[in-house]
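Reviewing the structure listed below.
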Amino acid sequence: MRIDIITVLPQLLDSPFAHSILKRAQSKGLAEIVVHNLRDYSSNKHKTVDDYPYGGGSGMVMMVEPFVLCIEKLKAERDYDEVIFMTPDGEVLNQSICNQLSTQKNFIVLCGHYKGIDNRIREHFVTREISIGDYVLSGGELPAAILVDAVVRLIPGVLSDETSALSDSFQGDLLDAPVYTRPAEFRGWKVPDILLSGNTPEIEKWRYEQSLERTRTRRPDLLED
């Protein structure tokens with residue numbers, strides 16, 4: 001999978017992609033994450049990428065031309081399944097969306113800033129708009145990093161235990177069951193006996209019941225259907 005991210009602040013994405021699972025995914029050749037500096041596609045000498053909004057109002061708007069030039073250059077080099085814009089008014093990211101995107105070959109992620117991006121980019125290039133929640137951040141870089149992390153970890157071979165991702169919270173619309181590790185007792189706090197029993201069918205039954213109860217208590221909306 002190749003993921004291209006277009007941003008005015010590429011430095012913000014240096015660290016998230018240089019460590020842990022995302023670093024290993026790239027080292028294994030399972031994912032290629034390329035960050036593009038939007039200012040490289042500005043046509044004026046000051047490398048400006050924003051301007052005042054038509055009609056007045058506060059804030060600045062990211063200009064149409066730099067985004068279009070970058071997107072068109074990338075599309076001339078390869079085919080993309082999606083052009084995704086990270087925006088608070090998009091569909092809220094969930095596990096189902098991550099599962100879908102993890103099966104794709106290539107996609108582009110656009111990071112907005114300031115008051116937003118010229119709507120013509122959304123009208124003519126963006127195929128999907130995604131939000132990470134009902135709040136506003138300073139830019140789309142952190143949401144893009146979250147999206148990439150959530151998707152790349154699902155690619156077969158990225159995690160050392162491939163069944164791990166399949167048992168995460170929200171897979172199957174349930175929250176994950178409680179988890180424990182050594183020691184079996186600490187300050188009198190004991191690991192549930194069932195987990196020490198070695199009885200795999202009963203352990204799986206317990207985990208399912210715990211997942212169901214945790215979901216019912218914390219996220220009953222997931223069970224409404």
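The values are calculated or read from the model by the stated rules, or taken from the named source; none is laboratory data. Every value quoted in this text rests on a predicted model; they were computed, and no experiment measured them. All Cβ positions, glycine included, derive from the backbone under ideal geometry; neighbour counts span all protein chains shown. Side chains included, ligands, DNA and RNA excluded: accessible areas come from the protein's heavy atoms. Shrake-Rupley method; radii C 1.70, N 1.55, O 1.52, S 1.80 Å.
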Handout entry: Residues (within 30 Å of ASP50 (Cα to Cα) and either open to solvent by less than 30 Å² (accessible area, probe 1.4 Å) or of a type in the set (Phe, Trp, Tyr) (or both)) located in the range 102-117
Key = ASN106, PHE107, ILE108, VAL109, LEU110, CYS111, GLY112, HIS113, TYR114, GLY116, ILE117
Exercise for the section: Output the number of the condition that ASP89 fails; it satisfies all remaining conditions of (1) surrounded by fewer than 16 Cβ atoms within 10 Å (Cβ to Cβ); (2) among the acidic types (Asp, Glu); (3) over 23 Å from the mean Cα position of the chain (by Cα). Expected result: (3)
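Residue-wise test of (1) touching an Asp or Glu at 6+ places or on another chain (Cβ under 9 Å); (2) at pLDDT below 95; (3) farther than 19 Å from GLU123 by Cα.
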{"residue": "LYS28", "(1), (2), (3)": "no, no, yes"}
{"residue": "ILE33", "(1), (2), (3)": "yes, no, yes"}
{"residue": "ASN37", "(1), (2), (3)": "no, no, yes"}
{"residue": "SER42", "(1), (2), (3)": "yes, no, yes"}
{"residue": "ALA76", "(1), (2), (3)": "no, no, yes"}
{"residue": "TYR80", "(1), (2), (3)": "yes, no, no"}
Problem - Residue list for the range 87-109, restricted to those being in contact with an Asp or Glu (Cβ under 8 Å, 6 or more places away or on another chain) and either of a type in the set (A, V, I, L, M, F, W, C) or free of Cβ contacts under 8 Å to residues at least 12 places away in the same chain (or both) - result: VAL92, ILE97, LEU101, PHE107, ILE108, VAL109
Handout entry: Meets criteria (of a type in the set (Ser, Thr, Tyr) and touching a residue at least 12 places away in the same chain (Cβ under 8 Å)) for THR200
Key = no
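Report whether or not LEU12 is open to solvent by 80 Å² or more (accessible area, probe 1.4 Å) and closer than 20 Å to PRO143 by Cβ.
In short, yes.
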Fill in the blank from the handout: The helices (runs of 4 or more DSSP H) lying entirely within the range 112-225 that contain at least 1 residues which are modelled with pLDDT of 95 or more and not charged (D, E, K, R) are 119-124, 141-152, 193-196, 200-218
Problem - Tabulated pairs, the range 15-44, first under 27 Å from PRO66 (Cα atoms), second hydrophobic (A, V, I, L, M, F, W, C) and in a loop (DSSP other than H, G, I, E, B), C-beta under 7 angstrom, 6+ apart or interchain - result: ALA31/MET1; ALA31/ILE155; ILE33/PHE17; LEU38/VAL8; LEU38/VAL49; ARG39/VAL8; ARG39/VAL49; SER42/VAL49
Practice task
Considering only the range 1-31, state which residues are in a strand (DSSP E or B) and either over 27 Å from the mean Cα position of the chain (by Cα) or polar (S, T, N, Q) (or both).
Solution key: THR7
Exercise for the section: Inspect the range 33-53 for any residue being out of contact with any Pro (no Cβ under 6 Å at 6 or more places or on another chain), of a type outside the set (Lys, Arg) and within 16 Å of ALA150 (Cβ to Cβ) and give the result as yes or no. Expected result: yes
Problem - Test: ILE146 is open to solvent by less than 40 Å² (accessible area, probe 1.4 Å) and in contact with a Leu (Cβ under 9 Å, 6 or more places away or on another chain) - result: no
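Okay, residues lined up against (1) over 12 Å from SER102 (Cα atoms); (2) among the aromatic types (Phe, Trp, Tyr); (3) within 16 Å of the chain's Cα centre (by Cα):
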position	(1), (2), (3)
PHE125	yes, yes, no
ILE130	yes, no, yes
ALA144	yes, no, yes
VAL158	no, no, yes
Completion exercise
For the range 37-77 the number of residues that are in a helix (DSSP H, G or I) and either small (Gly, Ala, Ser) or open to solvent by less than 60 Å² (accessible area, probe 1.4 Å) (or both) is 10
Exercise for the section: Evaluate the following for VAL34: is it farther than 30 Å from LEU175 by Cα, outside any helix (DSSP H, G or I) and open to solvent by 20 Å² or more (accessible area, probe 1.4 Å)? Expected result: yes
